[in-house]
Each structure stands twice: as structure tokens, then as C-alpha cells.
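The values are calculated or read from the model by the stated rules, or taken from the named source; none is laboratory data. From a predicted model like this one, the values you see are computed outputs, not experimental measurements. Backbone-built Cβ (ideal geometry, glycine too); neighbour counts: all protein chains shown. These area figures cover heavy atoms from the full protein model, side chains too; ligands, DNA and RNA do not enter into them. Shrake-Rupley method; radii C 1.70, N 1.55, O 1.52, S 1.80 Å.
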Amino acid sequence: MRDPVVLMVAPNGARRVRGDHPRLPLTEQEVVDEVAQAHEAGAQAAHVHVRDDEGQHVLDAARYRSLTEALRARCGDKLIVQITTEAAGRYSPAEQHAVVEAVEPPAVSIALGELFSDPAENKRNGDFLHWVRESGIAVQWILYAPEDVTRLGTLIQQGFVPRGSAMLFVLGRYSVDHNSRPDDLWPFLAARSAHSAIRTAPYSVCAFGQGETACLTAGLLHGGNARVGFENSLWHPDGSVAESNAERVAYLVAITKQLGWTLATADEARNNLGLRQAA
């Protein structure tokens, strides 16, 4: 019997624009509305990006603080809010450090390859990550390839990355007509199993394109959790476009229940993501 399932909604991301989908949330109020509906549909956590006034991805501490406060006011403590340091080709590791230090969010996702882009900065990054751990901020590592999984394990063994973080396996990339496949997951699982430092670390799966549902289901069947939403895919498995992020969450909730599993409680989801329990 597997652990209860944690579903995280990723409603917008850094790259998609309104022309991709009329319900893609860009403003703070739009993100709050979309996340609240996804939470009602069954998502226990939300991975959120903020945009500037022109709709561009930004690492803006004031916007992140405002959004997290608005989400807490709307959804309460049962929703886990995770910000991101995604660089998207615009931000340095130092700027990634700065936004986390300024916001002090409950949870953050960090792309391993973006933060550890220069081995000469490993010590500085390690000091930052140990501060993150001491501050009670839960890290989920964004891993784009099996090689990232192996590197994460090595950085943990070297002491630069604290133990106990969760992982996100990213299947596929943004590209025209790209559809991730469940087979994309197996090398990630093999890399995880091969490294003692991360062999039991919790992981989630996200995937691009119409194959998202099949990939997330494969992850669930192998003990993982799922991140679903318009950041990675707009489609149901039959090729139809979802009306909202909440509709995609509801689809995964139905699969979870059909397989006889339960959704995690708020505290179970916090534990999976490495968060301290709510006061």
C-alpha cells in the first residue's frame, strides 16, 4: 500500500502567455482564484510564479510576499504555497539566494542546474542551503535529467546540500507538439535507486504535453506524487484542452481514487515536502 498521494498544482509557470490559454493566470488575483479552485478540487500544494506588469517572469520578493499572503488569506493553512527560484535564463544564483532570503517562504523549488552552475560557488550555495534548512524552508529540487538526480546525491554526500529535501522529476521540455512518455521516467528512478543519499527521498513527477496524465499516473504507480497544471500541460489525455487548472487537478484526483488510494491530509503533504507542521 503506497503512502497517501500529494497533488501540487502549477498554474502558470515562467513561459506561457495568455494566448496559450485564456485561463492562464498572470496577475495576483488571477493566480489566487485559479489556485483556490484547484485547492478545492483536491490539490494540497501550489507551485506559483509571479509576473511583472508586462506578464514577464520575475523573481520579485514583494510580489511573492503579496501573493503568498493573499493565498493564505483565501485558502488558509491547509494549502502549501511553494515559490520558485527558476532563473529562466534571466537570474544568477546570487539573485536566487536573495529572493528566498527576502521572502522566507514556507517552501521553494530550485533547479539544481541553475543554482549549481559554477563549481567554484558550491561553498556559497551550500551556506545558503543550510540557512534555508535552519529557517524551516522546504526545498524541492527541480531535476531535468537523470544526471541531475545523480549530481544531487553527490552534492548531498559532499555536504553542500542538506539531506531530507524532496525532488521533482521533469519529463520532457517545452517544444511544439512535444508529448512526454512514461518511459521517460525510468532513468530517473534508476538514478534515484542507485544513490544511497536520495534512495528514499520523496519525489514528484511533472510532464509536458498530452502525455502528462500517463506520465503522472506512472509516477503514482511507482510511489511518487504528481505536479499538474498549465505550467507543463494544457491537455487531457484525449487531446482536449482543459478549461482550467482545477479541471486537470480533478482528473488526477479521479485517477487516484480509481486506483484505491487516498489523498494526503495537509499534515501528510507537509511531511512529504519536508515542511514543519502548522502551528
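The residues on offer are Trp261, Trp186, and the sole one that is surrounded by fewer than 23 Cβ atoms within 10 Å (Cβ to Cβ), touching a strand residue (DSSP E or B) at 6+ places or on another chain (Cβ under 6 Å) and not aliphatic (A, V, I, L, M) is Trp261. Across region 204-227, the qualifying residues are those that are in contact with a Phe, Trp or Tyr (Cβ under 8 Å, 6 or more places away or on another chain) and hydrophobic (A, V, I, L, M, F, W, C), and the one among them that is surrounded by the most Cβ atoms within 10 Å (Cβ to Cβ) is Val205. Considering the conditions (1) touching a Pro at 6+ places or on another chain (Cβ under 9 Å); (2) at pLDDT 95 or above; (3) under 23 Å from Met8 (Cα atoms); (4) open to solvent by 10 Å² or more (accessible area, probe 1.4 Å), Arg124 is excluded by exactly one of them, (3).
Return the residues of region 115-145 that are touching a strand residue (DSSP E or B) at 6+ places or on another chain (Cβ under 7 Å) and among the small types (Gly, Ala, Ser); say none if nothing qualifies. Ala138, the sole residue that qualifies.
Mind listing just one residue for me: the one in region 147-165 that is within 17 Å of the chain's Cα centre (by Cα) and at pLDDT 95 or above and, of those, most open to solvent (accessible area, probe 1.4 Å)?
Asp148
Could you go through region 185-193 and let me know if any residue there is assigned to a strand (DSSP E or B) and touching a residue at least 24 places away in the same chain (Cβ under 8 Å).
no
Tell me yes or no: at least one residue of region 194-204 is over 19 Å from the mean Cα position of the chain (by Cα), charged (D, E, K, R), more than 28 Å from Glu30 (Cα to Cα) and assigned to a helix (DSSP H, G or I).
Within region 194-204 (the criterion being over 19 Å from the mean Cα position of the chain (by Cα), charged (D, E, K, R), more than 28 Å from Glu30 (Cα to Cα) and assigned to a helix (DSSP H, G or I)), the answer is no, since none of the residues qualifies.
Residues checked against (1) under 19 Å from Asn271 (Cβ atoms); (2) not aliphatic (A, V, I, L, M):
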residue: Phe160; (1), (2): no, yes
residue: Met167; (1), (2): yes, no
residue: Leu171; (1), (2): no, no
residue: Asp183; (1), (2): no, yes
residue: Ala201; (1), (2): yes, no
residue: Gly209; (1), (2): no, yes
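Scan region 190-204 residue by residue and report those that are touching a strand residue (DSSP E or B) at 6+ places or on another chain (Cβ under 8 Å) and of a type in the set (A, V, I, L, M). Correct list: Ile198, Ala201. Taken together, the residues in region 166-181 that are open to solvent by 40 Å² or more (accessible area, probe 1.4 Å) and either among the hydrophobic types (A, V, I, L, M, F, W, C) or modelled with pLDDT of 95 or more (or both) amount to 1. When region 11-30 is filtered for residues that are at pLDDT 95 or above, in contact with a strand residue (DSSP E or B) (Cβ under 8 Å, 6 or more places away or on another chain) and either hydrophobic (A, V, I, L, M, F, W, C) or in a helix (DSSP H, G or I) (or both), the ones remaining, listed by number, are Leu26, Glu28. Set side by side, the residues Glu86, Glu114 differ, and just one is open to solvent by 30 Å² or more (accessible area, probe 1.4 Å) and of a type in the set (D, E, K, R), which is Glu114. Remark: pairs (first residue in region 49-71, at pLDDT 95 or above; second residue assigned to a helix (DSSP H, G or I) and of a type in the set (Phe, Trp, Tyr); Cβ separation under 6 Å; 6+ apart in sequence or on different chains) = Val50/Tyr64. The set of residues in region 86-110 that are closer than 16 Å to Arg133 by Cβ, under 15 Å from the mean Cα position of the chain (by Cα) and assigned to a loop (DSSP other than H, G, I, E, B) comprises Pro105, Pro106. Being under 21 Å from Ala88 (Cα atoms) and out of contact with any strand residue (DSSP E or B) (no Cβ under 6 Å at 6 or more places or on another chain) is true of Arg173.
Tallying residues that are in contact with an Asp or Glu (Cβ under 8 Å, 6 or more places away or on another chain) and of a type in the set (D, E, K, R) within region 75-127 yields 2.
From the list Asn271, Asn245, the lone residue that is free of Cβ contacts under 8 Å to residues at least 24 places away in the same chain and either within 21 Å of Ile142 (Cα to Cα) or open to solvent by less than 20 Å² (accessible area, probe 1.4 Å) (or both) is Asn271.
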